[in-house]
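Data first, discussion second: the structure below is written as structure tokens.
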Amino acid sequence: GPLNLGQLYRFCQKLNTKLQDPRLSNRVICFYSNSTFAKRANAMYLISAWQVLYMRRSPEESCRLFTGAIFPDNFDESRQNSPRSVVQSNGTTLAPVPAFH
């Protein structure tokens, strides 16, 4: 299901640690998920929320790259209406990133 703030905090800590590690300064950090729609939505949420928190982007800016994401029409209806979802089932309508902006 949708992620909670504890999971977001843990993700942010891990990503920030990797970004600040001098051994990784000349490397590309690649974050990916499997092809399960729920996992993809969670991955998009984590990256978008991290951008809002640490890059000071607006929720709209942080979600813009995901507007082309494709989800099936029958993607779990409860997630579509959740404020924790990033992309709704049609792949073009963005739901708000949580109100920590």
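Listed values, structure above:
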| read-out | value |
| --- | --- |
| The one condition in (1) touching a Pro at 6+ places or on another chain (Cβ under 7 Å); (2) closer than 18 Å to residue 69 by Cα; (3) β-branched (Val, Ile, Thr) that residue 47 fails to fulfil | (1) |
| Tally, over the stretch 13-45, of residues that are surrounded by 11 or more Cβ atoms within 10 Å (Cβ to Cβ) and not in a loop (DSSP other than H, G, I, E, B) | 15 |
| Residues within the stretch 1-12 that are in a helix (DSSP H, G or I) and open to solvent by less than 90 Å² (accessible area, probe 1.4 Å), tallied | 5 |
| Scan of the stretch 46-61 for residues that are assigned to a helix (DSSP H, G or I) and open to solvent by less than 60 Å² (accessible area, probe 1.4 Å), ordered by number | 46, 47, 48, 49, 50, 51, 52, 53, 59 |
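The values are calculated or read from the model by the stated rules, or taken from the named source; none is laboratory data. What you see is a predicted model; the values in this text were computed from it and never measured. Because the Cβ atoms are built from the backbone with ideal geometry, glycine has one as well, and the counts that use them run over all protein chains shown. What goes into the accessible areas is simple: the full protein's heavy atoms, side chains included, and nothing from ligands, DNA or RNA. Shrake-Rupley method; radii C 1.70, N 1.55, O 1.52, S 1.80 Å.
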